[in-house]
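Report on the structure given below.
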Amino acid sequence: MHERIVIAEPVAEALAAGGPVVALETTVITHGLPSPAGLRAAETLEADVREGGAVPATIGVLDGRVRVGLTAAQLEQLGGARGTVKVNLSNLAAVVASGMPGSTTVAATAFVASCVGIRVFATGGIGGVHRGSEQSGDVSGDLAALARIPIAVVCAGAKAVLDLGRTVQMLETLGVPVLGFGTDEFPAFYRRSSGLPVDRRFDDLGQLALAVRVHFQLGIGSGVVVANPIPVEHELPREQYDAALATALAEAAASDVRGRDVTPFLLGRLRELTEERSVFSNLGLLRHNAQVAAALARELQEG
Ligand code: PSU
Ligand code: MN
């Protein structure tokens, strides 16, 4: 369909038949989780989407093409390559042109998924406004992407290392609805609660799907954040979380880590400081998001 975007057979078939498809990103796999946990997570998430009755479309960049629906071998190639580049919309074209392997962030995944007609996307947490952004200007390209790409992103809120208050405010400014699924609060990734409100709470999947459908029907043009909190049993204990986060943030501030490298640095330190407990939490919320996204995709298709 597109010289630079290649859709794998099962995904193309599902799209042609109007069946439910869920896009999955790859940055969380290559940069958010340690190897080989990331690769295993990718396989588990695809299995969760299939079990939920939808077709998974994991997106990444390989051999000068954007690939929608990576095969197991391609996933392995991406996960195993040391030089896999974290790709958002500012470097997508350059990485495709270079022929280097690239893993797509929420911004790049949402863009590519939407290009091929996918309406639902599952991730861990979206990027947002970084703490100290007044000085650094570091605001994730995910927010600008969601402002102009009509796709529903199922996530456990935004990464907790961010300034969540400003992130939620920015989503409102950009016209990106935040719909809570079973929550009144914008989730804080490793924790269910942030003290910040969502635009509206839904406890029923059908009602949630209806709101998403109306958003698309109205042609508002932006994405929708489906805020799906981490299951209780996967939450990081509060004291451990608070202490680890404070240390990691202080270290990042004292270092010269900037831009795209900030998130992987913080997540890596959280992992070490919590002795891998953060990885358990991350996997738990990712799976929950994949399951809800599959159900939402089905509901959107059937409704
Ligand atoms: N959530 C995680 N781990 C990650 C990310 C999210 O648990 O690695 C990734 C997502 O791909 C998200 C990206 O889009 O971090 C945002 O990075 P940045 O702040 O550089 O835009
Ligand atoms: Mn960032």
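What follows is calculated from the coordinates using simple rules that are stated; it is not laboratory data. Quick caveat, the model's predicted, so the values are computed rather than measured. Positions of Cβ are generated from backbone atoms using ideal geometry, with glycine treated the same way; all protein chains shown enter the neighbour counts.
With r as the distance between the Cβ atoms of residue 280 and residue 211 and R0 = 41 Å, compute the FRET efficiency 1/(1 + (r/R0)^6) and round to 0.05. Don't skip to the answer; put the middle values down first.
Details: r = 32 Å, r/R0 = 0.77.
Efficiency, rounded to the nearest 0.05: 0.80.
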Along the positive direction of the dipole of the chain (beta-carbon charges: Lys, Arg +1; Asp, Glu -1; about the Cα centre), which of 36, 150, 193 reaches farthest?
150
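Kirkwood Rh, Cα Rg: Rg to Rh for the stretch 1-160? List each step's numbers first, then the result.
Values: Rg = 14.8 Å, Rh = 15.6 Å.
Across the stretch 1-160, the Cα-based Rg/Rh ratio is 0.95.
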Please express the Cα-Cα pair-distance distribution P(r) of the stretch 148-255 as a list of whole percents, one per 5 Å bin, running from 0 to the bin with the greatest distance.
2, 12, 21, 22, 17, 12, 7, 4, 2, 0
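Hey, what did the stretch 5-302 get for relative contact order, percent, Cα under 8 Å, at least 6 apart? Don't skip to the end; give the middle numbers.
Working: 633 pairs, mean separation 59.8, N = 298.
Result for the stretch 5-302 is 20 percent.
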Projected area of the stretch 5-302, taken from the Cα convex hull and averaged over every viewing direction, in nm²?
13.7 nm²
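Determine the percent antiparallel among the DSSP beta bridges restricted to the stretch 58-141, to the nearest 5. Walk me through the intermediate numbers first.
Details: 7 of 10 bridges.
Percent antiparallel among DSSP bridges in the stretch 58-141 is about 70.
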Once you put a point 7 Å from the Cα of residue 81 and another 7 Å from the Cα of residue 40, both along the Cβ direction, what distance in nm separates them?
2.4 nm
Distance histogram for the stretch 66-202 (every C-alpha pair counted, 5 angstrom bins, percent rounded to whole numbers)
2, 10, 18, 21, 19, 14, 10, 5, 1
How much mean residue ellipticity at 222 nm does the chain get from its helices, if each DSSP H run of length 4 or more adds -39500 (n - 2.57) and you divide by all residues, to the nearest 500 deg cm²/dmol?
-14500 deg cm²/dmol
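Looking at the chain only, what percent of DSSP beta bridges run antiparallel? Nearest 5 please.
Values: 11 of 38 bridges.
Taking every DSSP beta bridge within the chain, about 30 percent pair in antiparallel fashion.
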Each residue of the stretch 217-232 in turn: what ³J(HN,Hα) in whole Hz from Karplus with 6.51, -1.76, 1.60 and θ = phi - 60°, glycine and Pro shown as x?
4, 5, x, 4, x, 8, x, 10, 9, 9, 8, 10, x, 4, x, 3
HN-Hα couplings for the stretch 145-150 via Karplus (6.51, -1.76, 1.60; θ = phi - 60°), in whole Hz with x for Gly/Pro, come out as 5, 5, 5, 10, 10, x
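Normalised by the residues of the stretch 60-196, what does the relative contact order come to in percent, with Cα pairs under 8 Å and at least six apart? Show your work: numbers first, answer last.
Details: 226 pairs, mean separation 26.1, N = 137.
Contact order relative to length: 19 percent.
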Using alpha carbon centers only, the stretch 67-133 is separated from the stretch 256-280 by a whole-angstrom value of 19 Å
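Can you give the % of DSSP beta bridges in the stretch 1-120 that are antiparallel, to the nearest 5?
Numbers: 6 of 17 bridges.
Around 35 percent antiparallel, to the nearest 5.
Report D for the stretch 57-111 in µm² per second (integer): Stokes-Einstein, Kirkwood Rh on Cα pairs, 10 °C, 1.306 mPa s. Mind showing how you got there, number by number?
Numbers: Rh = 10.7 Å.
Once the numbers are plugged in, D ends up at 148 µm²/s.
Taking the Cβ of residue 104 as the center, what net charge do the other residues with Cβ under 10 Å away carry, scoring Lys and Arg +1 and Asp and Glu -1? Kindly include the intermediate steps, with their values, before the conclusion.
On the way: positive: 67, 86; negative: 25.
In short, +1.
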Gaussian network model of the chain, Cα springs within a sub-10 Å range: biggest mean-square fluctuation belongs to which of 117, 32, 219?
219
